[in-house]
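Note sheet for the following structure.
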Amino acid sequence: MTWVWLNGRMIDPATARIDPTDRGFSLADGVFETLRVEHGTPVDAALHWQRLATGAAVLGLEAPEPARLDAAAAELIAANRIADAALRVTLTRGPGPRGLAPPAAPSPTLLIVASPLPPSPPPARAAVVSIRRNEHSPTSRIKSLAYLDQILALREAHAQGRDEAIMLGTAGWIACASAGNLFVRHGDGLRTPSGAHGALGGITRARVLAARLPFDLAEAGISVAELRRADEVMITSSLVGVRSVIEVDGVRIGDGRPGPAATLLRRALGRA
């Protein structure tokens, strides 16, 4: 990483400075987006900027205009000479006095960082963990900076020898993976949890729901028992695309290999 983009300036990451009183640092008071960059172009940028604005509005913040974000991302990608990347955009409320009450006139911090794309992960062996998603919280619907539940969920899965965590909502329905949405296939039926079950409105998830696929596709509640009996389980995210889950709590999913739905979803996303 050669440069980061911070509040309108290209800065060497070794000298980039966030105010110690920044509420994003002290209180997780902010939102973020992670985009996949292919051949120098952020994928689904308009959808990510819209979700950033929606999350910022929940917090009472004004998000930057999409044109500003497009220009900043292009400048950063060019400066780092990186054609394929993971782009992280972080918006916080900025500096503030001690305490929970937001400043009357916030000065938001906007940071954009480009990193090399991580390698495609192998099919996942997952564990249903004890950490729950609170589907009643307004922050469950936005990409807030508060990610401790997901961190602890993945830590619990790793402690069980698994490489991914599956989280439930407070009512016991499947909600999501630690960093992605879930799709579950039984025969010709393909289901995904909704926001009412604790799922975040993922960008890749939305593209799958809008695609023409040979499945009876629906948002619906999924129990743990139904998950373990599935013909296929898949995790979707902006960086990875579609990742098959071949085992849940030691129970093999389908025949223990990525299935046909995963292939069709990848094709629909242009990621075959």
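Miscellaneous remarks
- Filter result for V251 (among the aliphatic types (A, V, I, L, M), closer than 15 Å to A126 by Cβ and in contact (Cβ under 8 Å) with a residue 40 or more places away in the chain): no
- Residues satisfying the stated conditions in the stretch 160-172, i.e. in contact (Cβ under 8 Å) with a residue 40 or more places away in the chain and not in a loop (DSSP other than H, G, I, E, B): E164, I166, L168
- Residue ranges of strands (runs of 3 or more DSSP E) in the stretch 41-153 with at least 1 members more than 18 Å from the chain's Cα centre (by Cα) and in contact (Cβ under 8 Å) with a residue 60 or more places away in the chain: 109-116, 124-133
- Scanning the stretch 182-204 for residues that are among the charged types (D, E, K, R) and surrounded by 14 or more Cβ atoms within 10 Å (Cβ to Cβ), we see that the one that is nearest to L264 (Cα to Cα) is R185.
- Unique match (being part of a helix (DSSP H, G or I), small (G, A, S) and either without any contact (Cβ under 8 Å) to a residue 60 or more places away in the chain or surrounded by 15 or more Cβ atoms within 10 Å (Cβ to Cβ) (or both)) among A175, A157: A157
- Matching residues, the stretch 6-40, being assigned to a strand (DSSP E or B), out of contact with any strand residue (DSSP E or B) (no Cβ under 8 Å at 6 or more places or on another chain) and in contact (Cβ under 8 Å) with a residue 40 or more places away in the chain: E38
- Search result, residues across the stretch 241-261 that are of a type outside the set (G, A, S), crowded, with 19+ Cβ neighbours inside 10 Å and more than 14 Å from R162 (Cβ to Cβ): V242, P258
- Scanning the stretch 100-127 for residues that are surrounded by fewer than 18 Cβ atoms within 10 Å (Cβ to Cβ) and in contact with an Asp or Glu (Cβ under 7 Å, 6 or more places away or on another chain) returns a single hit, L117.
- Filter pass, A225 being without any contact (Cβ under 8 Å) to a residue 40 or more places away in the chain, among the aliphatic types (A, V, I, L, M) and assigned by TED's automatic domain parsing to the domain that holds P138: yes
- All positions within the stretch 142-173 that are more than 24 Å from G221 (Cβ to Cβ) and acidic (D, E): D163
- Of the residues making up the stretch 1-40, those that are among the aliphatic types (A, V, I, L, M) and more than 18 Å from the chain's Cα centre (by Cα) number 9.
- Residues satisfying the stated conditions in the stretch 1-42, i.e. among the small types (G, A, S) and within 21 Å of A85 (Cβ to Cβ): G8, A14, A16, G40
- Any chance P95 is under 28 Å from A73 (Cα atoms) and modelled with pLDDT of 95 or more: yes
- Annotation note: of V89, V129, the sole residue that is assigned by TED's automatic domain parsing to the domain that holds A199, under 22 Å from L200 (Cα atoms), at pLDDT 95 or above and of a type in the set (V, I, T) is V129.
- Residues that are buried (at least 19 other Cβ atoms within 10 Å of the Cβ) and closer than 14 Å to I166 by Cα, drawn from the stretch 205-236: I222, L227, V233, M234, I235, T236
The values are calculated or read from the model by the stated rules, or taken from the named source; none is laboratory data. Because the structure is predicted, anything quoted here is derived from the model rather than measured. Neighbour counts run over all protein chains shown; Cβ positions are idealised from the backbone, glycine included.
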